[in-house]
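Written below as structure tokens is the structure these notes are about.
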Amino acid sequence: MSEIKLMAHQDECAVFWTQVKRGFNHGDPGTGKTISSLSGYKNSIKGRLLVSAPLSILRPAWGADIEKFMPGFSWAVAHGSEKKRREAFDTNADIVIINHDGLKWLADNLELLTGFSHCVIDEYTAFKNRTTQRSKAARKVVNYIEYLLMLSGTPNSNKITDLWFPSLMVDEGERLGNNFFKFQQETCEGRPIPGAPNPRAMEWLEKEGARDAVAMCLQEVTVRHELEECIDMPEHTRHMMYVDMPAKVMQQYKQLEDEAVLIVEQGVISAVHAGAKSKKILQLLSGAVYDAEGNIIKVHPHRYELVIDLILQREHCVVAFNYKHERDELCRLADKHSLPYAVIDGDTPLKAREQAVEDFQAGKLRIIFAHPQSASHGLTFTRGTTSIWASPTYNAEHFQQFNRRIYRN
């Protein structure tokens with residue numbers, strides 16, 4: 001097996017980590033952040049490497065790249081029962097990979113980190129909320145280790161304040177301060193929310209230039225490359241396909257938009273506030289809505305039929321769905337057309353996810369139906385020629401990351 005061979009931008013990222021010790025790699029999805037991180041560790045080994053990543057990519061992304069590019073390095077996955085987790089650390093493997101939630105357990109067993117010099121937090125946006133147990137545990141763990149590299153291709157796709165806690169893990173507040181509320185006031189403007197139950201509730205909107213200012217603060221501990229600047233990639237195009245909704249459905253849409261109420265044969269569905277209304281509108285557009293008890297009320301099937309028509313015109317597709325009713329209807333239609341597929345969502349066991357990735361890349365599957373939260377990060381579906389969104393999403397990070405599953409190196 002050959003030694004790791006890096007592209008120029010990947011080699012730059014590897015050297016960067018050896019120089020700054022604690023920092024960020026914000027390279028686009030597909031630029032090879034995993035490979036460059038492993039090489040950076042290899043170039044500055046002092047002890048073992050801990051990798052924390054989303055559960056679905058522990059083996060398919062990290063394990064596979066270690067096997068491919070790091071011959072002679074041993075690795076173990078710390079997941080499952082306490083016994084299995086401990087066994088992974090006790091193997092003395094060079095690299096131990098653990099899922100994000102596993103850090104809560106590891107924070108209570110810090111003695112297992114003896115001998116670890118390096119840590120990679122993959123898709124660190126999982127720790128953007130400073131108040132969660134998972135984030136507090138992550139900070140406790142990384143403070144125990146000398147070298148830290150935080151990876152994300154979409155670091156602040158939603159809010160600029162999402163960067164504050166990850167930055168705190170990197171430098172203990174040296175660059176963005178150690179007080180979240182002060183940082184929020186410096187980068188955002190607070191405005192009262194009209195009609196909110198709590199009269200003191202505020203909506204925080206980014207100030208003009210805030211992102212540039214934060215980027216300057218983090219510049220010396222951040223490396224970033226855009227995919228198209230690094231690799232000769234084929235053109236990446238986006239197309240919006242429109243579904244003509246029947247007059248009755250359009251009337252229901254307008255009613256929900258204007259009155260926050262939807263009248264269907266099964267009863268009346270109401271949205272109590274703006275957030276709930278937006279969610280119900282997205283559900284309606286997807287082809288069904290959920291009532292207060294969680295029952296599915298089907299509205300129109302046209303969107304599912306369009307998705308299957310698009311799939312039939314292509315070789316291999318990765319399809320994002322946002323709701324279970326979408327998944328079920330898409331699977332039903334795929335079965336009807338005898339299209340081989342696999343599903344990746346919160347109900348899919350880890351082994352089945354890994355098999356789905358392997359089978360799709362081998363050309364055994366025509367389709368991957370995936371929930372963005374389960375398949376937006378780390379997974380590689382380069383066999384695919386088209387990504388299809390079965391319905392709209394309001395999550396910018398999921399949208400950007402999912403679209404990079406097939407468009408990557």
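Annotations
- Ellipticity estimate at 222 nm from DSSP helix runs (n ≥ 4, -39,500 (n - 2.57)) divided over the chain, nearest 500: -11000 deg cm²/dmol
- The residue list Gln251, Gly363, Asn295 was ranked by how far each Cα lies along the charge dipole of the chain toward its positive end, using unit charges on Cβ atoms, and Asn295 comes out on top.
- Computed over protein heavy atoms with a 1.4 Å probe, the accessible surface of the chain works out to 48 Å² per residue.
- Segment Leu310-Gln355, length gained on full extension (0.36 nm per residue, minus Cα span): 13.7 nm
- Averaged over residues, the count of other Cβ atoms within 10 Å places the peptides 394-401, 22-29, 109-116 in the sequence 22-29, 394-401, 109-116, highest first.
- Given +1 at the Cβ of Lys and Arg, -1 at the Cβ of Asp and Glu and no other charges, the dipole of the range 1-47 around its Cα centre is 260 debye to the nearest 20.
- Fraction of antiparallel bridges per DSSP, the chain only, in percent to nearest 5: 25 percent
- Viscosity 1.002 mPa s, temperature 20 °C, Stokes-Einstein D of the chain from Kirkwood C-alpha radius, µm²/s: 93 µm²/s
- Counting all C-alpha pairs of the range 147-186, share separated by more than 17 Å (%): 29 percent
- Each of Leu103, His325, His26 was scored by the projection of its Cα onto the charge dipole of the chain, and the greatest displacement toward the positive side belongs to Leu103; charges sit on the C-beta of Lys, Arg, Asp and Glu.
- Order of exposure, largest accessible area first, which applies to Thr31, Thr132 with probe 1.4 Å: Thr132, Thr31
- Between Leu148 and Arg22, Gly23, Cys119, the built amide H atoms are under 5 Å apart, and every one of these is 5 or more places off in sequence or on another chain.
- P(r) weight above 18 Å for the range 95-212, C-alpha pairs, percent: 56 percent
- Estimated dipole of the range 64-104 in Debye, rounded to 20 [Cβ of Lys and Arg +1, of Asp and Glu -1, Cα centre]: 160 debye
- 5 angstrom amide H check on Phe116, placed H, neighbours 5+ away: Arg48
- Entry note: the range 295-382 has Rg to Rh equal to 0.95, where both radii use alpha-carbon atoms and Rh is the Kirkwood radius.
- Antiparallel bridge percentage (DSSP; both residues within the range 1-127; nearest 5): 0 percent
- Rg/Rh, computed from the Cα trace of the range 27-85 with Rh as the Kirkwood radius, has the value 0.97.
- Ranking Val214, Gln10, Asn198 by how far each Cα lies toward the positive end of the dipole of the chain (charges on Cβ) leaves Asn198 at the top.
- In degrees, nearest ten, helix 324-336 long axis to first principal axis of the chain (Cα): 80 degrees
- Area of Arg85 that stays accessible when all protein chains are in place (1.4 Å probe, Å², to 10): 40 Å²
- Values of log10 I(q)/I(0), in the order q = 0.14, 0.19 Å⁻¹, for the range 1-121 under a Debye, Cα-only, solvent-free model: -0.57, -1.05
- Near the amide H of Ile97, within less than 5 Å, lie the amide hydrogens of Val51, Ala76, Val77, Ala78, all on another chain or at least 5 residues away, with H placed in the peptide plane.
- Nearest-20 debye value, the range 82-127 charge dipole, Cβ charges on Lys, Arg, Asp, Glu: 120 debye
- Converting phi to 3J(HN,Hα) with the Karplus coefficients 6.51, -1.76 and 1.60 and the offset θ = phi - 60°, the range 358-366 yields 4, 5, 5, 5, 7, x, 7, 10, 8 Hz in sequence order, with x at every glycine or proline.
- FRET efficiency, 1/(1 + (r/R0)^6) with R0 30 Å, evaluated for Asn158 and Lys336 via beta carbons: 0.20
- Here the chain has 48 percent of its accessible surface on carbon and sulfur atoms, given a 1.4 Å probe and all protein chains in place.
The values are calculated or read from the model by the stated rules, or taken from the named source; none is laboratory data. Predicted, not measured: the structure shown is a model, and the values here were computed from it. Here the Cβ is made from the backbone with ideal geometry for all residues, glycine too, and neighbour counts use every protein chain on show. Surface areas here come from the heavy atoms of the whole protein model, side chains and all, with no ligands, DNA or RNA. Shrake-Rupley method; radii C 1.70, N 1.55, O 1.52, S 1.80 Å.
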